[in-house]
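Peer 1: The structure follows.
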Amino acid sequence: MGLTLAEKILKAHTVDGEFIKDNEIGIKIDQTLTQDATGTMAYIEFEAMGIDQVRTERSVAYIDHNTLQSGFENADDHRFIASVAKKHGIYYSRPGNGICHQVHLERFSAPGKTLIGSDSHTPTCGGMGMIAIGAGGLDVAVAMGGGAYYITYPKIVNVELTGKLQPWVAAKDVILELLRRISVKGGVGKIIEYTGEGVKTLSVPERATITNMGAELGATTSIFPSDDVTLGFLKAQGREDVWFPLSADCDAVYDEHIVIDLSTLEPMAACPHSPDNVKSIKEIGKMKIDQVCIGSCTNSSLLDMLKVAYILDGKTVHPDVSLAVSPGSKQVLNMMAENGALSKIIGAGARVLESACGPCIGMGQSPNSGGISLRTFNRNFEGRSGTKDGQVYLVSPEVAAASAIAGYLCDPRELGNMPEFKLPEKFAVNDNMITLPAAPECAKEVEILRGPNIKEYPITTPLADNLTADCSLKVGDNITTDHIMPAGAKILPLRSNIPAISKHCFAVCDEAFPDRALSLGKSIIVGGVNYGQGSSREHAALAPLYLGVKAVIVKSFARIHRQNLINAGILPLEFFDPADYDAIDQGDTLFIDGLKDRVLAGETITVKNVSKNTEFKVKCELSERMKGVIACGGLLEYTKENLK
Ligand code: MIC
Ligand code: SF4
């Protein structure tokens, strides 16, 4: 029986566990990436492991999220990360060099390799034919130390692309179509593997748009084959030496098969407040808009910018609309400056921002009250834009640019003929904003520079024999990490200070939660389906840890967040019967007898609701390794004991 592309790479990298379906396997990680908002904590964790030099082929630290620097905190974090990178063998991509996923795709991605990154959109590099997975900072720290990264052998879904996109229909519409079909839960526990004739018609940046937003499906990762198109992109980056052809065997067996005929797709938008709330532009109709933002790791490549520049050329942004454009990397911005695209964009009245995440993570450009904002980004969760009642629609750059001129949501096909947009034969390669680490023999002399806002990892405790705790919070379905630990310009600077950031935990749902949880000492959170979807931020586990949360009982979890809870030593429990959710109220006292024994034995756990005098059953499915992690009180303690 042949192997799928994902299986080929995973099998070649499996260093622990048997390579069989549904088993937990440990894979060797070739490359890691961090960004600054998760990076400071990841490097604090790495330091705590006491390892001198990273043991990967390439580790890169990017600064792209916290670039507003409205106080000393962000700048201190950048300086800390730069010093850790220099000391421990990590490449450092300076602020201004671009968004981690765009720069990694351009400069470091390589077919057949494995990459984990402390950012949920790490699968972007799946567009290069690599297994690229988003993970918590602690997992990345362990991988930098040479430890394996553990995943449950995923189901492999084949998405067969046939036909060719019609003019003005974009890669973004491909992934929006998939989100429309299988939803934000549709990819959980799965790898999405793209095959078919349609693949050849998509450039690497277009493939990367699709794999990037695979994160919104909840997928472990997404991957495209490495073919001639891949070679062309690598040649243009001056990196063809890393290329080799790689695809699935003809007789590969997939768990699911989905066909998308590219020629039938039309421009679409994900409506507020979920990336899977997808409708065609026609269906939504001529809606007046207030703001347009073009950029983010989903749609900020040179190809995207060339299309935007063409559409804006000689026009003026509608008087009622504010248009912000953030090119994905210094390379993209530089080339736009050289080929005139930038001047067309400026000429039309766009507000050109630096090459960073910016508005995507609520770092400025919040829309007006109730404002309708079209964004080429990947997430439109409630409040993420920084405006609580902002209405964010996720669209392609083509829809965004055409609408910015029109003043209303418009179908770019109304623009008429589309010229052929081609990637250059040579990109303007200049890695001068990537600082190399010190030579290992000089590393000892490098001083780590810590600012006053950089605090230690919170204290963890080993798993207790029994647990009595109150339900400090009850929430509903599809709770995102943006609910649990909001980001934005005010809160992001606190990412390296868990006691301070914890004060904002669940602020979107219940501002009183942090004080309540702290005064309870220990408590349990109850939630619905797909709890913790969205980002990889381990702060969504570390803040609850600091606030004394011992367990989270939900109908189902999103993958990265569940892993982060385990890493933080918080028990991820799932209702056996989802209907039991209804019988718990916030404030109820819950009691678990023989907790430790049951968790370690992998037995069903009975929870007594002392307040209601009822009981219900929960499961805690953990691999032997995860049981070890939970028993120690988290991955940091476990690693200290096991990795030396
Ligand atoms: C996001 O898009 O939500 C982020 C900000 O990039 C996060 C990481 C973070 O919270 O720092 C992600 O996607 O993992
Ligand atoms: Fe940055 Fe937005 Fe991409 Fe997250 S989704 S990495 S915030 S650009």
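The values are calculated or read from the model by the stated rules, or taken from the named source; none is laboratory data. Predicted model, so just to flag it, every value in this text is computed and none were measured. A quick note on method: Cβ atoms are made from the backbone with ideal geometry, for glycine too, and the neighbour counts reach across all protein chains shown. Areas reflect the complete protein model, heavy atoms only, side chains present, ligands, DNA and RNA absent. Shrake-Rupley method; radii C 1.70, N 1.55, O 1.52, S 1.80 Å.
Peer 1: Do we have any residue at all in region 360-368 that's surrounded by 16 or more Cβ atoms within 10 Å (Cβ to Cβ), more than 15 Å from ligand 2 (Cβ to nearest atom) and of a type in the set (A, V, I, L, M)?
Peer 2: No.
Peer 1: Which one of these is under 21 Å from GLU456 (Cα atoms), more than 16 Å from ligand 2 (Cβ to nearest atom) and in contact with a strand residue (DSSP E or B) (Cβ under 8 Å, 6 or more places away or on another chain): ASP76, ASP139, ASP36?
Peer 2: Values: ASP76 fails: in contact with a strand residue (DSSP E or B) (Cβ under 8 Å, 6 or more places away or on another chain); ASP36 fails: more than 16 Å from ligand 2 (Cβ to nearest atom).
Going through ASP76, ASP139, ASP36 in turn, the sole match is ASP139.
Residue-by-condition table, conditions (1) in contact (Cβ under 8 Å) with a residue 40 or more places away in the chain; (2) within 16 Å of ligand 1 (Cβ to nearest atom); (3) open to solvent by less than 10 Å² (accessible area, probe 1.4 Å):
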{"position": "THR264", "(1), (2), (3)": "yes, no, no"}
{"position": "ASP320", "(1), (2), (3)": "yes, no, no"}
{"position": "LEU323", "(1), (2), (3)": "yes, no, yes"}
{"position": "MET335", "(1), (2), (3)": "yes, no, no"}
{"position": "GLY349", "(1), (2), (3)": "no, no, no"}
{"position": "GLY358", "(1), (2), (3)": "yes, yes, no"}
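Peer 1: When you check LEU595 against the structure, is it in contact with a Ser or Thr (Cβ under 8 Å, 6 or more places away or on another chain), within 20 Å of LYS522 (Cα to Cα) and not acidic (Asp, Glu), yes or no? Explain how you work it out, then say what you get.
Peer 2: Numbers: in contact with a Ser or Thr (Cβ under 8 Å, 6 or more places away or on another chain): no; within 20 Å of LYS522 (Cα to Cα): yes; not acidic (Asp, Glu): yes.
When the stated conditions are applied, LEU595 does not pass them.
Peer 1: Scan region 46-62 and tell me whether some residue there is within 16 Å of ligand 2 (Cβ to nearest atom) and of a type outside the set (Phe, Trp, Tyr). Full working, then the answer.
Peer 2: Residues of region 46-62 that are within 16 Å of ligand 2 (Cβ to nearest atom), as a first pass: 60-62.
Add one more test, that the residue is of a type outside the set (Phe, Trp, Tyr), and what stays is 60-61.
There is at least one residue in region 46-62 that is within 16 Å of ligand 2 (Cβ to nearest atom) and of a type outside the set (Phe, Trp, Tyr).
Peer 1: Can you name the residue in region 12-67 that is surrounded by fewer than 17 Cβ atoms within 10 Å (Cβ to Cβ) and on the phi > 0 side of the Ramachandran plot and is also nearest to the chain's Cα centre (by Cα) among such residues?
Peer 2: ASP22
Residue by residue, here is whether (1) closer than 24 Å to HIS104 by Cβ; (2) within 16 Å of ligand 2 (Cβ to nearest atom) holds:
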{"residue": "MET287", "(1), (2)": "no, no"}
{"residue": "ASP313", "(1), (2)": "no, no"}
{"residue": "GLU338", "(1), (2)": "yes, no"}
{"residue": "LEU353", "(1), (2)": "yes, yes"}
{"residue": "CYS357", "(1), (2)": "yes, yes"}
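Peer 1: May I ask you to verify whether LEU467 is touching a residue at least 60 places away in the same chain (Cβ under 8 Å), surrounded by fewer than 24 Cβ atoms within 10 Å (Cβ to Cβ) and within 21 Å of LEU68 (Cβ to Cβ)? Give the steps one after another, and end with the answer.
Peer 2: On the way: touching a residue at least 60 places away in the same chain (Cβ under 8 Å): yes; surrounded by fewer than 24 Cβ atoms within 10 Å (Cβ to Cβ): yes; within 21 Å of LEU68 (Cβ to Cβ): no.
Answer is no for this residue.
Peer 1: Quickly run through region 373-389 and pick out the residues that are open to solvent by less than 30 Å² (accessible area, probe 1.4 Å) and either out of contact with any Asp or Glu (no Cβ under 9 Å at 6 or more places or on another chain) or away from ligand 1 (no atom under 14 Å from the Cβ) (or both).
Peer 2: Passing the criteria: SER373, LEU374, ARG375, PHE377, ASN380, SER385, THR387.
Peer 1: Further, regarding this structure: Restricting region 465-494 to residues that are in a loop (DSSP other than H, G, I, E, B) and among the acidic types (Asp, Glu), which is farthest from ligand 1 (Cβ to nearest atom)?
Peer 2: Our first condition is that a residue be in a loop (DSSP other than H, G, I, E, B); within region 465-494, this holds for 465-466, 475-479, 485-487.
Add one more test, that the residue is among the acidic types (Asp, Glu), and what stays is 465, 477.
Numbers: ASP465: 34, ASP477: 19 Å.
If we take residues in region 465-494 being in a loop (DSSP other than H, G, I, E, B) and among the acidic types (Asp, Glu), then ASP465 is farthest from ligand 1 (Cβ to nearest atom).
Peer 1: Looking at LYS612, is it open to solvent by 40 Å² or more (accessible area, probe 1.4 Å) and in a loop (DSSP other than H, G, I, E, B)?
Peer 2: Numbers: open to solvent by 40 Å² or more (accessible area, probe 1.4 Å): yes; in a loop (DSSP other than H, G, I, E, B): yes.
It is true that LYS612 is open to solvent by 40 Å² or more (accessible area, probe 1.4 Å) and in a loop (DSSP other than H, G, I, E, B).
Peer 1: What number of residues within region 241-262 satisfy the criterion of being over 15 Å from MET130 (Cβ atoms) and open to solvent by less than 80 Å² (accessible area, probe 1.4 Å)?
Peer 2: Number satisfying all stated conditions: 11.
Matching residues to (1) in a helix (DSSP H, G or I); (2) more than 28 Å from GLU447 (Cβ to Cβ); (3) among the charged types (D, E, K, R):
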site: ARG79; (1), (2), (3): yes, no, yes
site: SER83; (1), (2), (3): yes, no, no
site: PRO95; (1), (2), (3): no, no, no
site: LEU105; (1), (2), (3): yes, yes, no
site: SER109; (1), (2), (3): no, yes, no
site: ASP119; (1), (2), (3): no, no, yes
site: CYS125; (1), (2), (3): yes, yes, no
site: ALA132; (1), (2), (3): no, yes, no
site: GLY146; (1), (2), (3): no, no, no
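Peer 1: Just to be sure before I move on: is ILE223 more than 16 Å from ligand 2 (Cβ to nearest atom), open to solvent by less than 10 Å² (accessible area, probe 1.4 Å) and modelled with pLDDT of 95 or more in the structure I sent? It would help to see each step written out before you state the result.
Peer 2: Details: more than 16 Å from ligand 2 (Cβ to nearest atom): yes; open to solvent by less than 10 Å² (accessible area, probe 1.4 Å): yes; modelled with pLDDT of 95 or more: yes.
Yes: the conditions hold for ILE223.
Peer 1: Out of (1) open to solvent by 10 Å² or more (accessible area, probe 1.4 Å); (2) farther than 25 Å from MET335 by Cα; (3) more than 16 Å from ligand 1 (Cβ to nearest atom), the odd one out for ASN432 is which?
Peer 2: All conditions pass for ASN432, except number (2).
Peer 1: Among the listed residues PRO462, PRO452, which satisfies the condition of being over 25 Å from THR589 (Cα atoms), open to solvent by 60 Å² or more (accessible area, probe 1.4 Å) and away from ligand 1 (no atom under 16 Å from the Cβ)? First the steps, then the outcome.
Peer 2: Working: PRO462 fails: over 25 Å from THR589 (Cα atoms).
Checking each option against the conditions leaves just PRO452.
Peer 1: A follow-up question, please. Inside region 22-71, can you point out the residues that are part of a helix (DSSP H, G or I) and within 16 Å of ligand 1 (Cβ to nearest atom)?
Peer 2: Taking region 22-71 first, the residues part of a helix (DSSP H, G or I) are 36-49.
Selection gives ASP36, ALA37, THR38, GLY39, THR40, MET41, ALA42, TYR43, ILE44, GLU45.
Peer 1: Right, another one. Among (1) among the hydroxyl-bearing types (Ser, Thr, Tyr); (2) touching a strand residue (DSSP E or B) at 6+ places or on another chain (Cβ under 7 Å); (3) farther than 27 Å from PRO424 by Cα, which single condition is SER183 missing?
Peer 2: All conditions are met except number (2).
Peer 1: I would also like to ask the following. Just one of the numbered conditions (1) more than 14 Å from ligand 2 (Cβ to nearest atom); (2) farther than 20 Å from THR298 by Cβ is not true of LEU68; which one?
Peer 2: (1)
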